[in-house]
């Protein structure tokens, strides 16, 4: 768990100084809609961890 806090803090700082792009979190429904609106079809999706809402999504370009 400490690794996630360190990584998120590092990415936040890197984004603030322009070294990394800004990273946004999505709710799964919004992410699915965004993927489908981008002309992709979802081939497979799986919830990796319910507690932290981590998902694995495979999509194919239409």
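The values are calculated or read from the model by the stated rules, or taken from the named source; none is laboratory data. Predicted, not measured: the structure shown is a model, and the values here were computed from it. Here the Cβ positions follow ideal geometry from the backbone for every residue, glycine too, while neighbour counts run over all protein chains shown.
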Could you list, in sequence order, the residues of region 22-62 that are touching a strand residue (DSSP E or B) at 6+ places or on another chain (Cβ under 9 Å), under 27 Å from residue 3 (Cβ atoms) and in a loop (DSSP other than H, G, I, E, B)? 53
Among the residues of region 46-62, which ones are within 10 Å of the chain's Cα centre (by Cα), surrounded by 10 or more Cβ atoms within 10 Å (Cβ to Cβ) and modelled with pLDDT of 90 or more? 57
Report yes if residue 19 is without any contact (Cβ under 8 Å) to a residue 24 or more places away in the chain and in a loop (DSSP other than H, G, I, E, B), otherwise no. yes
